[in-house]
Each structure stands twice: as structure tokens, then as C-alpha cells.
Amino acid sequence: MTDTEKGTPENKPAPKKRPPMRRRRQRLLVVSLLLPTLAVASFFVLIGISQTSVYFYAPKDLPSPSELDGRAIRIGGMVAEGTIKQGEGLETWFDVTDYEGTVTVVTNDPLPGIFRENQGVVIQGNLNNEGIFVASQVMAKHDENYMPPEVAAALKATGRYEDYMEKQEGGY
Amino acid sequence: MGTFNFFDTLANPERFMRYSGPILWGTGLAAAALLVGGSIWALFFTPPDYQMGESVRIMYVHVPAASMTMMAYAFMVVASIFGYVWRHQLADLAAREAAPMGLAFCILSLITGSIWGKITWGVWWDWDARMTSVLVLAFIYIGYMALWRAIENQAQAARSAALLCFVGAINLPIIKFSVEFWETLHQPATIITPEGPKMPPEMLLPLLTMMTGYAMLFGFFVTLRLRTILREKRQGSHAPSRPVSVAQPVTMTDDPAPRRPEPSSQPASEGSN
């Protein structure tokens, strides 16, 4: 714009549109600023939500029944060894542990196919006043390991199964 | 522009038609061979899993679909950069045509994941970080496709869609790292981990075969769509002998009152697909 006002003799009337090279550079600038900004934004979203939202409580972090006031929550942990018991009817009792805290769970729900001892589970339900977790939904958490049954059997037979799993799983 | 010579070459529709023929055949045949071979391998010649049993075979469909959902979007981001910055219309079209494929992969991964989830976890769906972020990606795909159709001026639609594509890219790292950052019902990554794949080769190899097959299928369909569009444009134009470019230069005619035609009305077949 200022070029037209000054009006140097060799200047043709200023073009309405800026030359394509400059606009291209401008668009490149837009993209090269936008993408890193969004990358940083997504990083903060990840950090932010992971610090504030709770997908499930570990047994050691479980709030007391009075704090919860009947609110439905989720707990996550491992099914403790040797604690699965059949109650009356469809009732199943078992303990969920994170190896620091343990909570007893009772459910009337059919259990998922891979439910077993030492299996990660995520359970929705309520903590009653006796500190027993009454589950409305039991979900089995699958880990990232894939193995043919023979390999798992072989690992168990040689006693290396626990080592293998311990090396793999960081969570609980 | 010497640095981007290759893309300049591809950006020329005439040359694209010449070079993409072998790509079309190559990807098509590879996709057919890998998907048929990989499916038979995965269904009949792989071991069951020690926990999941036979239902582990859903993985051979689910994992490639889920990974291609993200690869397709990454492809759209790269194509959109070339379209947005250098105004390569063919790149814009490549991004546009990749979206329906990405959405198809996304829906396939959601459905197969849901079936596997019912068998393994005991629920069809759970609002954990992985599942929710993939569902969001499906909506981004739908929004992106809708935006292209909502704006009649194709050049403007390309620009807006590219920006939406950039903003939506925020979701890719969220999906990828959702299983590491959050406690999720979905398991963490199996193939790419610091300790290497947590899967024996007799499962990993058919899985990688299927993944390559999906990638080839994606390449095949995007190439096919681009060639179809260019053919349509060529047929729609009034002077078929002239080289067809996606955005034709405005030329003066003998018309007593020459009027600059609306860019959207030029590619005759554009709005119909």
C-alpha cells in the first residue's frame, strides 16, 4: 500500500494481490507454527487429563465409604490368588489387590471369559459400609502379551512365567 | 522450487496419469495377494492365544485397521500441507480421497474391537481413553468429509478442509499414547515397545502381512479415486485435446461480455461425488 502512495516512477500500480511467492511463504509459516502448537497442545492435554481424571482407583487409593456416599466408582487391580469363591446362586467372591491394598469384591454378574487368578480386572460398582465392593460390572483387563498356549505352559513348567510377566507388565 | 521437483512432477495431472498406472496395478495386486494370503495364514495356520483362545484371530483384522486409521490421517496431513502451502490441487484431492478410506478403517477397527472386547473384557464398549479418542477420530473424519461437501468453491473447501485436518491431527498422538498416559481398559502397544514385540513370530508375521496388505489397499483406492477424478475432469472439459489441469487458467473467449466463471462451476463433475 505504501508503495503506491510513494509512487516511485518505475513502480507499476501496486497489484491488489501480493505476489504468490510471498503468500506461499506466509502459508508455510502458518503451517509451521500451527503444527508444533497443536503438538504441544496435545501433549498438555495428555498430561493434564492423566493427572486429573481417574479411570479407576487402585485398592490402596480407595476412598472410604463415607467419602463416596454411595457414588458408583471403578476399581482396578489383580484378582488375588486363591480368593475366588462361589457364593449362593450366581454370587462370586474374590479379592482385588494392587499388592499394597486389598478389597473384597462380590458380584452377581457373569464373569468374562479370561477372568482368573492374577488377572487384571476393572470393576464398576459401589463400596458398601462394611468395605465390601459390590460390583455391577466386572471387566477383565487384557495385557499386551500374546502367546500360544504351549509357550505359556512351557514357561510355567520351567518357572520362568512369573519372571517373564514381571518384566513385561509395568502397571500392577 | 528445485527441492520439490518430485512433487511438482506428481502435481501435474498429465504426468500423474502416466506414472500412477503402474502404482495402481502394483498396489492392487499386492493388496489382493497379501490380504487373501494373510487371512488364510491368520485364520488357519496361527496358534490360538494362551488366554484369548481362538478369538485372538480378530486381532489380524483389528490391529491393521486401527493402525491404518491413523496412517490414513497422517497421509492426509502431509497431503494437506502440500495442498495448503504449495497449492497443489492434486495433493488436496489426495487428502480428500483418503478420508473415506480412513473412516472405513476407523469403523472397522471400532466394530472388530467391540466384538473382541465383548469376548475378552466382557463389555462391548467402555469409555476409556483409547476407545474414546478413536471414536473422536471417526467424527473428525466425518467432519472433514462434510466440510469438503459443504463449501461449493473447491479451492476454498480445500483450504478450510486442510486447516481442519491440521487441527484434527492433535488427536493422533493422543490416540497413540492414550494407553501409556492413562489407565485404560485397552492394553498398551504390543508390536512397537522398548523391549521389542511381545508376540511370537508365528503371530507377528501374519499380522505384519495383513498390515502391509491394508496399506496397499489404501494406496490402491486413493490412486484409483484420483485417476477417476482426473478422467472425469478430462471428459467434462470442452477441449479434450488440451492438457487438463485441475484448476484451469481463466482464458478470454470471444464472448462479447467475458465473465470470469466461478471456479466451482468449472470442474463439471466435481460436485457430484
Could you look through region B:164-185, keep only residues that are within 21 Å of the chain's Cα centre (by Cα) and at the interface with another protein chain (Cβ under 7 Å from one of its Cβ atoms), and pick out the one that is surrounded by the fewest Cβ atoms within 10 Å (Cβ to Cβ)? B:Val167
Let me confirm something: among B:Met199, B:Met203, which residue is over 25 Å from the mean Cα position of the chain (by Cα), modelled with pLDDT of 85 or more and part of a helix (DSSP H, G or I)? B:Met203
Is it true that A:Leu111 is without any contact (Cβ under 8 Å) to a residue 60 or more places away in the chain, at the interface with chain B (Cβ under 8 Å from one of its Cβ atoms), in a helix (DSSP H, G or I) and surrounded by 17 or more Cβ atoms within 10 Å (Cβ to Cβ)? no
Any residue in region A:73-81 that is within 9 Å of chain B (Cβ to nearest Cβ), touching a Gly at 6+ places or on another chain (Cβ under 8 Å) and surrounded by 16 or more Cβ atoms within 10 Å (Cβ to Cβ)? yes
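Here's the yes/no breakdown for (1) more than 28 Å from B:Ile170 (Cβ to Cβ); (2) among the acidic types (Asp, Glu):
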site	(1), (2)
B:Trp25	yes, no
B:Leu34	yes, no
B:Trp41	yes, no
B:Phe44	yes, no
B:Asp49	yes, yes
B:Val56	yes, no
B:Ala66	no, no
B:Ile81	no, no
Just wondering, is there one or more residues in region B:93-114 that are in contact with a Gly (Cβ under 8 Å, 6 or more places away or on another chain), in a helix (DSSP H, G or I) and within 14 Å of chain A (Cβ to nearest Cβ)? yes
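Checking the conditions here, which among B:Met76, B:Met70, B:Met52 is within 14 Å of chain A (Cβ to nearest Cβ), touching a residue at least 40 places away in the same chain (Cβ under 8 Å), farther than 26 Å from B:Thr228 by Cα and surrounded by 18 or more Cβ atoms within 10 Å (Cβ to Cβ)?
Result: B:Met52 is the single residue among B:Met76, B:Met70, B:Met52 that is within 14 Å of chain A (Cβ to nearest Cβ), touching a residue at least 40 places away in the same chain (Cβ under 8 Å), farther than 26 Å from B:Thr228 by Cα and surrounded by 18 or more Cβ atoms within 10 Å (Cβ to Cβ).
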Hits in region B:150-163 (condition: away from every other protein chain (no Cβ under 11 Å) and either surrounded by fewer than 20 Cβ atoms within 10 Å (Cβ to Cβ) or of a type in the set (A, V, I, L, M) (or both)): B:Ala150, B:Ile151, B:Glu152, B:Asn153, B:Ala155, B:Gln156, B:Ala157, B:Ala158, B:Ser160, B:Ala161
Of those in region B:107-130 that are surrounded by 20 or more Cβ atoms within 10 Å (Cβ to Cβ) and of a type in the set (D, E, K, R), the residue nearest to A:Gln124 (Cα to Cα) is B:Asp126
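The values are calculated or read from the model by the stated rules, or taken from the named source; none is laboratory data. Fair warning: this is a prediction, and the values are worked out from it, not measured in the lab. Cβ: placed from backbone, ideal geometry, glycine included. Neighbour counts: every protein chain shown.
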